[in-house]
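What follows is one structure encoded as structure tokens, with my remarks underneath.
The values are calculated or read from the model by the stated rules, or taken from the named source; none is laboratory data. For clarity, every value in this text was computed on a predicted model and none was experimentally measured. Neighbour counts are summed over all protein chains in view; Cβ atoms, including those assigned to glycine, are modelled from backbone coordinates with ideal geometry.
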């Protein structure tokens, strides 16, 4: 576990959108959706490849993407593939302080996602920390003492079968998909600890996953060839994963539903294989440390599809016993991105799963207002 300094983390947030300037600019056409789908499949594809897949000029594709990013409608980011501890933390809050608590937690770099949810918890966090000791300290020394937090429950991820970055809009046909490369997720994951240069590289790509090699090299003080070689190695090993996200209300799948369940330990993988092929599947993972051992997330077309989904689960996976379910009423943060009430990106808190989370939380809590387009990496 590395130490963190005030100078390294003095500015956690880089603003990406002026929400007033882009208020109401949420028009997305079929070409935009196809563009987003293209970058879901190949997040760092050159514009020449993107244009060929879409049948448009590369300049047109780049201009459309710039508009989507500036409006906070879509973005490409990167996150570490491991190794680290991933966990979900349920939080019960004082009813008067839910929003305040969510906003405070969203500034913490080890808290990757913050959801306001229905059911038996007020907030659901996705966190990444170096080890179990760090997780214990994080819950006891950072999250627990927060004003507004009444109780927490922690669930450890033991195996992710599918994650949010695997979800696709499915706006492209087979011929269009043939022009594209991989999604940036490695087939074989030979994970190893990252050195400090590689960690800085991940932090910069978290802000903008399409940052050019030239800009990355300049920011790191390294040669372009060195950065290219390191990045290729990290992608091949699964040490860094790229993803393209979209403001959920504009995706056509505006409802996010979590299903908490229990499955026989020897059937977990076979059940997951059946679920990950469903177009609704957003995440699917095995867990431990609580009353459930299986967590499944879907994006739905409408709320009334929730009941139909449970019927489908009963048919396809009869040994999956649903223990609880929760609907995301809103996202304050998703994988490092701060979101407004319309699900649009307004800023970035670069994810940091390596440093001392307690110290990072302390610095983030006292760092003050976000700076305009400035972030210490």
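Restricted to the range 56-80, and to residues there that are assigned to a loop (DSSP other than H, G, I, E, B) and in contact with a helix residue (DSSP H, G or I) (Cβ under 8 Å, 6 or more places away or on another chain), the residue that is farthest from residue 285 (Cα to Cα) is 57.
Listed by first and then second residue, the pairs with beta-carbon distance under 7 Å, at least 6 apart or on different chains, first residue in the range 341-360 and free of Cβ contacts under 8 Å to residues at least 60 places away in the same chain, second assigned to a strand (DSSP E or B) and surrounded by fewer than 24 Cβ atoms within 10 Å (Cβ to Cβ), are 341/330. Checking each residue in the range 81-90 for being outside any strand (DSSP E or B) and crowded, with 17+ Cβ neighbours inside 10 Å picks out 81, 82, 84. Given the condition in contact with a strand residue (DSSP E or B) (Cβ under 9 Å, 6 or more places away or on another chain), modelled with pLDDT under 95 and over 22 Å from residue 211 (Cβ atoms), answer yes or no: does some residue in the range 21-37 qualify? Yes, the range 21-37 contains a residue that is in contact with a strand residue (DSSP E or B) (Cβ under 9 Å, 6 or more places away or on another chain), modelled with pLDDT under 95 and over 22 Å from residue 211 (Cβ atoms). Looking across the range 146-165, just one residue is in contact with a helix residue (DSSP H, G or I) (Cβ under 8 Å, 6 or more places away or on another chain), part of a strand (DSSP E or B) and free of Cβ contacts under 8 Å to residues at least 60 places away in the same chain, and that is 149.
If you go through the range 314-348 and keep only what is over 20 Å from residue 250 (Cα atoms) and out of contact with any helix residue (DSSP H, G or I) (no Cβ under 7 Å at 6 or more places or on another chain), you end up with 314, 315, 318, 321, 323, 324, 325, 326. Among the residues of the range 274-296, those identified as without any contact (Cβ under 8 Å) to a residue 40 or more places away in the chain and out of contact with any strand residue (DSSP E or B) (no Cβ under 6 Å at 6 or more places or on another chain) are 277, 278, 291.
Scanning the range 217-233 for any residue that is surrounded by 18 or more Cβ atoms within 10 Å (Cβ to Cβ) and in contact with a strand residue (DSSP E or B) (Cβ under 9 Å, 6 or more places away or on another chain) turns up at least one such residue.
Here is a check on your reading of the model: is residue 202 touching a strand residue (DSSP E or B) at 6+ places or on another chain (Cβ under 6 Å) and not in a strand (DSSP E or B)? Criteria met by residue 202. Does any residue of the range 129-143 turn out to be within 22 Å of the chain's Cα centre (by Cα), surrounded by 20 or more Cβ atoms within 10 Å (Cβ to Cβ), part of a strand (DSSP E or B) and in contact (Cβ under 8 Å) with a residue 60 or more places away in the chain? Scanning the range 129-143, I find at least one residue that is within 22 Å of the chain's Cα centre (by Cα), surrounded by 20 or more Cβ atoms within 10 Å (Cβ to Cβ), part of a strand (DSSP E or B) and in contact (Cβ under 8 Å) with a residue 60 or more places away in the chain, so the answer is yes. Within the range 33-55, being in a helix (DSSP H, G or I) and either on the phi > 0 side of the Ramachandran plot or out of contact with any helix residue (DSSP H, G or I) (no Cβ under 6 Å at 6 or more places or on another chain) (or both) holds for 33, 36, 37, 39, 40, 41, 49, 52. Checked against (1) part of a strand (DSSP E or B); (2) surrounded by 24 or more Cβ atoms within 10 Å (Cβ to Cβ), residue 352 passes all but a single condition, namely (1).
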